[in-house]
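Student: Here it is, the structure in full.
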Amino acid sequence: MIQTSNLTFQYKKGEQILSFPNITLDKQESLLVLGKSGIGKTTFLHLLAGLLKPTGGKVLISDIDLCSLSHNQLDKFRGQQIGLVFQKKYAIQSLSLLDNLKMRLFLSKKSIKDTRIKLLLEQLDLNDCKNKRVQALSEGQLQRLSIAMAVIHRPQVILADEPTSSLDDENCKNVIELLKQQARETEANLIVITHDHRIKPYFQKSITL
Amino acid sequence: MMIWKTSLYNLKSKPLYTILNIFSLSLSMLLLLGIRQLKISFEHQVAHNLGNIDLVIGAKGSPLQLVLSSVLHLDNPIGNILYEEAKKISKNPMVKTAVPISYGDHYKGYRIVGTTNDFMTLYDAKLERGQKVDNVLEVIIGSTVAAELQLDIGDTFLSSHGLTEHSIEVHAEKLTVVGILKPTRKVIDHLIITGLESIWDIHHHENEMMDEHKEHDHEEEHRKEFDTEGHEEKEITSLLVSFRNPVAFLNLPRKINEETNMQAALPKYELNKLYNYLSLGIDTIAVIAYLILMISVMTIFISLYKMVKERSFDLALLRTYGASNFQLIQMILFEGLIIVMIAFIIGVLVLKIGANVVFELLGQKDKVHMFVTLPFQEILQIGVVVVILIILTVLLAIIPIIKMNISTILNNEK
């Protein structure tokens, strides 16, 4: 469950104040946030992930107010309850695919069994390249790895920032379906932020910034 | 565990930087350790090998040479003194013990010292097995000699004339091992000890043989030693004296130097003089070693700082995975510490192996005892200094992490 109220953000004093619409998502609900470039989509996502502190308003995830958490609590909360997917499919460069997933689990401090990694590797068709270093992975493998990194620890909220903008139609469809499937399996809220209108049909609920 | 692993993989992913860092750091550690080693070895010589020897009396010449040859058994003897004359000094009331020594022979590079049983008390040496020397041509051997030459009680060997392994003139008399000493970590471990009479006997016979061959002009020293049959003026190389009373330090050496044709040298004073000559060189190397340490710490700083900057996205990503600032700092600290540990091990190993190889190459096996094993405490001291420097370095290198704005970094990389 995720809820925002009267969320505003200002990068520097005197600059324009960004304000964001209130959203309320029930358990397992998904949301598409559409908007042109430069309108503050990523800022909204970072506010939801607790990476930025809002100037005003509140973000509640499972009734926990992110603003009320200390620096360390926020790190911990993020590690356990939030999964982020980025446009560039980054993971830790010096580690292998498998070690990246192990690292993600380790940092979440959640006790999740190793079978979870195995299952996910199979679901995302990453079993063959699990020992490859991130640098050696193909585009598609990186894309799937970044989804795996976002869901391995069974977060409450999956936040995806422009996950499809550089993909062709078919891959775009694949990625969205994988994200939705993983959100369903982990019973998480999925919020996708994009300017890519191709994925509008996959979501029941959408807002425009 | 994952943090350690990441640090290790980070290092592995940039091998050139890692090798450069390890190389420069181990070089500076090697120098630092080496200098410490030199200093300690020297101090050990002064403090331990002197045993209870306050004064050395020998033939006139260089006092330093007298000390080196008669106390540390490193250099050649200057010449001999008359036993009768030396005996007079032992009767001085200020003298506690006076031990005559006479040498000039070796067995496989280990010196044979003719002396009395008091010699052992100078070094607080105790017999491990066997008995003291009672008869002519019996020897007791130091622990290192026993181990290196694999000699045991009852074994016999022929001594050679001269003091180095390469002299080949062999004496005819067989020496028999009757005792083995416990290890003392002093110079006595490397010596073969026998009675004065054995040395005299060996050279006496030799002299007779020479007479037969009419080589009178040769070995003048020996002829003088035994100039008339039956009435020999016995000679020794030097007399090791310990005082009963510190006042003797003031009077006795001057008296001997002025009133006899022998010289008296104070080992502590001579060795300190030598140490002062050397310490200028040692200090210079120490300064260079610290400079290299500074440079290598700076190299490590630059590569860690660069890594923090270059990997800022990775680090920001780790933060989004839930890593705390502290965990990121740990990761970089581990990278620094892994470099230090490897460099340290290399430094210590090269020093240990290097010292042995150098002495082996120089063919001076008998001088390895100059090298004292560096005490663990000393190694630890240098280790602690380096680790503190590295921790400071890491603290500087992670400033960008503390200042990191995850949101901005993620945005910029998009």
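Student: Looking only at the range B:308-326, count how many residues are closer than 16 Å to B:Lys403 by Cα and open to solvent by less than 20 Å² (accessible area, probe 1.4 Å). Please lay out each step first, then the result.
Tutor: Applying the first criterion (closer than 16 Å to B:Lys403 by Cα) to the range B:308-326 yields B:308-320, B:323-326.
Filter once more, so that each one left must be open to solvent by less than 20 Å² (accessible area, probe 1.4 Å): B:308, B:313-320, B:323.
Number satisfying all stated conditions: 10.
Student: Now for a separate question. Applying the selection to the range B:284-327, what residues are basic (Lys, Arg) and under 30 Å from A:His153 (Cβ atoms)?
Tutor: Narrowing the range B:284-327 to residues basic (Lys, Arg): B:306, B:309, B:311, B:319.
B:Lys309, B:Arg311, B:Arg319 - these are the residues of the range B:284-327 that are basic (Lys, Arg) and under 30 Å from A:His153 (Cβ atoms).
Student: With the structure loaded, tell me whether B:Ile199 is over 28 Å from the mean Cα position of the chain (by Cα), within 26 Å of B:Asn49 (Cα to Cα), at pLDDT 55 or above and of a type outside the set (Ser, Thr, Tyr) or whether it fails that test.
Tutor: Numbers: over 28 Å from the mean Cα position of the chain (by Cα): yes; within 26 Å of B:Asn49 (Cα to Cα): yes; at pLDDT 55 or above: yes; of a type outside the set (Ser, Thr, Tyr): yes.
It is true that B:Ile199 is over 28 Å from the mean Cα position of the chain (by Cα), within 26 Å of B:Asn49 (Cα to Cα), at pLDDT 55 or above and of a type outside the set (Ser, Thr, Tyr).
Student: Moving on to the next point. Got at least one residue in the range A:96-109 being over 29 Å from A:Tyr202 (Cβ atoms), among the hydrophobic types (A, V, I, L, M, F, W, C) and free of Cβ contacts under 8 Å to residues at least 12 places away in the same chain? Working first, answer last.
Tutor: So the first thing to find is which residues in the range A:96-109 are over 29 Å from A:Tyr202 (Cβ atoms), and the list is A:96, A:98-99, A:102-103, A:106-107, A:109.
Still in the list and also among the hydrophobic types (A, V, I, L, M, F, W, C): A:98, A:103, A:106-107.
Now restrict to residues that are free of Cβ contacts under 8 Å to residues at least 12 places away in the same chain: A:103, A:106.
For the range A:96-109, residues over 29 Å from A:Tyr202 (Cβ atoms), among the hydrophobic types (A, V, I, L, M, F, W, C) and free of Cβ contacts under 8 Å to residues at least 12 places away in the same chain: present.
Student: Related question: Considering each of B:Ala286, B:Ala265 in turn, give the residue that is touching a residue at least 60 places away in the same chain (Cβ under 8 Å) and out of contact with any Pro (no Cβ under 7 Å at 6 or more places or on another chain).
Tutor: Just one listed residue meets the conditions, B:Ala286.
Student: Among the listed residues B:Val113, B:Val136, identify the single one that is touching a residue at least 40 places away in the same chain (Cβ under 8 Å), crowded, with 19+ Cβ neighbours inside 10 Å and not in a helix (DSSP H, G or I). Outline the logic, then answer.
Tutor: Details: B:Val136 fails: crowded, with 19+ Cβ neighbours inside 10 Å.
From the options B:Val113, B:Val136, the qualifying one is B:Val113.
Student: For the list (1) assigned to a helix (DSSP H, G or I); (2) closer than 30 Å to A:Lys36 by Cα; (3) touching a helix residue (DSSP H, G or I) at 6+ places or on another chain (Cβ under 7 Å), I need the number of the one condition that A:Leu120 fails.
Tutor: So the condition that A:Leu120 fails would be (2).
Student: If you don't mind, another one. Open to solvent by less than 40 Å² (accessible area, probe 1.4 Å), at negative phi and not assigned by TED's automatic domain parsing to the domain that holds B:Gly383: which single residue out of B:Leu252, B:Leu293, B:Leu304 fits that description?
Tutor: On the way: B:Leu293 fails: not assigned by TED's automatic domain parsing to the domain that holds B:Gly383; B:Leu304 fails: not assigned by TED's automatic domain parsing to the domain that holds B:Gly383.
One residue alone meets the criteria, B:Leu252.
Student: Within the range A:64-117, how many residues are under 25 Å from A:Thr194 (Cα atoms), among the aliphatic types (A, V, I, L, M) and within 9 Å of chain B (Cβ to nearest Cβ)?
Tutor: The qualifying residues number 4.
Student: For B:Glu270, all conditions in the list (1) at pLDDT 85 or above; (2) over 29 Å from B:Asp105 (Cβ atoms) hold save one; what is the number of the exception?
Tutor: (2)
Student: With (1) within 14 Å of A:Ala148 (Cα to Cα); (2) open to solvent by less than 20 Å² (accessible area, probe 1.4 Å); (3) hydrophobic (A, V, I, L, M, F, W, C) as the list, and A:Leu95 as the residue in question, which single condition is left unmet?
Tutor: (1)
Student: Name every residue in the range A:98-111 that is of a type in the set (Gly, Ala, Ser) and surrounded by fewer than 21 Cβ atoms within 10 Å (Cβ to Cβ), in order of residue number.
Tutor: Listed by number, the list holds a single entry, A:Ser111.
Student: Looking at the structure I just gave you, is B:Val67 in contact with a helix residue (DSSP H, G or I) (Cβ under 6 Å, 6 or more places away or on another chain), open to solvent by less than 10 Å² (accessible area, probe 1.4 Å) and under 14 Å from B:Tyr275 (Cα atoms)? Walk me through how you get there before you give the answer.
Tutor: Details: in contact with a helix residue (DSSP H, G or I) (Cβ under 6 Å, 6 or more places away or on another chain): yes; open to solvent by less than 10 Å² (accessible area, probe 1.4 Å): yes; under 14 Å from B:Tyr275 (Cα atoms): yes.
When the stated conditions are applied, B:Val67 passes them.
Student: Then there's this: Can you tell me which of B:Lys60, B:Lys39 is among the charged types (D, E, K, R), farther than 30 Å from A:Ser96 by Cα, more than 14 Å from chain A (Cβ to nearest Cβ) and more than 25 Å from the chain's Cα centre (by Cα)? Give the derivation first.
Tutor: Values: B:Lys39 fails: more than 25 Å from the chain's Cα centre (by Cα).
The unique qualifying residue is B:Lys60.
Student: Right, something else. Just the residues that are within 14 Å of chain A (Cβ to nearest Cβ), part of a helix (DSSP H, G or I) and touching a residue at least 60 places away in the same chain (Cβ under 8 Å), please, taken from the range B:10-36. Give the derivation first.
Tutor: Going residue by residue through the range B:10-36, those that are within 14 Å of chain A (Cβ to nearest Cβ) are B:10-15, B:17-18.
Add one more test, that the residue is part of a helix (DSSP H, G or I), and what stays is B:10-12, B:15, B:17-18.
Selection gives B:Asn10, B:Leu11, B:Tyr17, B:Thr18.
Student: Moving on. Can you tell me how many residues within the range B:139-167 are open to solvent by 60 Å² or more (accessible area, probe 1.4 Å) and within 23 Å of the chain's Cα centre (by Cα)?
Tutor: Final tally of qualifying residues: 6.
Student: Moving on. Among the residues of the range A:132-144, is there at least one that is among the hydroxyl-bearing types (Ser, Thr, Tyr), assigned to a loop (DSSP other than H, G, I, E, B) and farther than 17 Å from B:Gly322 by Cα?
Tutor: Going through the range A:132-144, the residues among the hydroxyl-bearing types (Ser, Thr, Tyr) turn out to be A:138.
Now restrict to residues that are assigned to a loop (DSSP other than H, G, I, E, B): A:138.
Going one step further and asking which of them are farther than 17 Å from B:Gly322 by Cα, we end up with A:138.
Among the residues of the range A:132-144, at least one is among the hydroxyl-bearing types (Ser, Thr, Tyr), assigned to a loop (DSSP other than H, G, I, E, B) and farther than 17 Å from B:Gly322 by Cα, which makes the answer yes.
Student: Sticking with this one: Can you tell me which residues in the range B:37-64 are part of a helix (DSSP H, G or I), open to solvent by 50 Å² or more (accessible area, probe 1.4 Å) and not aliphatic (A, V, I, L, M)?
Tutor: Quick first cut of the range B:37-64, residues part of a helix (DSSP H, G or I) only: B:37-49, B:63-64.
Still in the running and open to solvent by 50 Å² or more (accessible area, probe 1.4 Å): B:38-39, B:43, B:47-48.
B:Lys39, B:Glu43, B:His48 - these are the residues of the range B:37-64 that are part of a helix (DSSP H, G or I), open to solvent by 50 Å² or more (accessible area, probe 1.4 Å) and not aliphatic (A, V, I, L, M).
Student: Follow-up question, since we're still on this one. Filter the range A:182-198 down to the residues that are open to solvent by less than 10 Å² (accessible area, probe 1.4 Å) and within 22 Å of A:Leu47 (Cβ to Cβ) and list them by number. Steps first, answer last, please.
Tutor: First, pick out the residues of the range A:182-198 that are open to solvent by less than 10 Å² (accessible area, probe 1.4 Å): A:182-183, A:188-194.
Residues satisfying the conditions are A:Ala183, A:Ala188, A:Asn189, A:Leu190, A:Ile191, A:Val192, A:Ile193, A:Thr194.
Student: Quick one: count up the residues across the range B:6-34 that are open to solvent by less than 60 Å² (accessible area, probe 1.4 Å) and either of a type in the set (Ser, Thr, Tyr) or over 16 Å from B:Phe344 (Cβ atoms) (or both). Talk me through it step by step, then tell me what you get.
Tutor: Taking the range B:6-34 as the starting set, the residues that turn out to be open to solvent by less than 60 Å² (accessible area, probe 1.4 Å) are B:6-7, B:10-11, B:13-14, B:18, B:21-22, B:24-26, B:28-34.
Then drop every residue that is not either of a type in the set (Ser, Thr, Tyr) or over 16 Å from B:Phe344 (Cβ atoms) (or both), which leaves B:6-7, B:10, B:13-14, B:18, B:24, B:26, B:28.
Summing the residues that are open to solvent by less than 60 Å² (accessible area, probe 1.4 Å) and either of a type in the set (Ser, Thr, Tyr) or over 16 Å from B:Phe344 (Cβ atoms) (or both) in the range B:6-34 gives 9.
Student: Here is a follow-up. Considering only residues of the range B:257-296 that are closer than 24 Å to B:Ser26 by Cα and polar (S, T, N, Q), which is nearest to the chain's Cα centre (by Cα)?
Tutor: Residue satisfying both the conditions and the ranking: B:Ser279.
Student: Applying the selection to the range B:394-405, what residues are part of a helix (DSSP H, G or I) and open to solvent by 10 Å² or more (accessible area, probe 1.4 Å)? Quick ask: steps written out before the conclusion?
Tutor: Taking the range B:394-405 as the starting set, the residues that turn out to be part of a helix (DSSP H, G or I) are B:394-397, B:399-403.
Across the range B:394-405, the qualifying residues are B:Leu395, B:Leu396, B:Ile399, B:Pro400, B:Ile402, B:Lys403.
Student: Being surrounded by 20 or more Cβ atoms within 10 Å (Cβ to Cβ) and more than 19 Å from A:Arg184 (Cα to Cα) narrows it down to one of A:Leu159, A:Leu126, A:Leu121, so name that one.
Tutor: Values: A:Leu159 fails: more than 19 Å from A:Arg184 (Cα to Cα); A:Leu121 fails: more than 19 Å from A:Arg184 (Cα to Cα).
Unique residue meeting the criteria: A:Leu126.
Student: When the range A:54-87 is examined, which residues are found to be under 18 Å from B:Met404 (Cβ atoms) and exposed (fewer than 15 other Cβ atoms within 10 Å of the Cβ)?
Tutor: A:Ser70, A:His71, A:Asn72, listed by residue number.
Student: Can you confirm whether the range B:310-333 contains a residue that is in contact (Cβ under 8 Å) with a residue 12 or more places away in the chain, touching a helix residue (DSSP H, G or I) at 6+ places or on another chain (Cβ under 8 Å), closer than 22 Å to B:Phe376 by Cα and within 14 Å of chain A (Cβ to nearest Cβ)?
Tutor: No, the range B:310-333 contains no residue that is in contact (Cβ under 8 Å) with a residue 12 or more places away in the chain, touching a helix residue (DSSP H, G or I) at 6+ places or on another chain (Cβ under 8 Å), closer than 22 Å to B:Phe376 by Cα and within 14 Å of chain A (Cβ to nearest Cβ).
The values are calculated or read from the model by the stated rules, or taken from the named source; none is laboratory data. Since this is a predicted model, take the numbers as computed values, not measurements. Note that we place each Cβ from the backbone using ideal geometry, even for glycine, and neighbour counts take in every protein chain shown. Heavy atoms of the whole protein, side chains included, go into the accessibility calculation; ligands, DNA and RNA do not. Shrake-Rupley method; radii C 1.70, N 1.55, O 1.52, S 1.80 Å.
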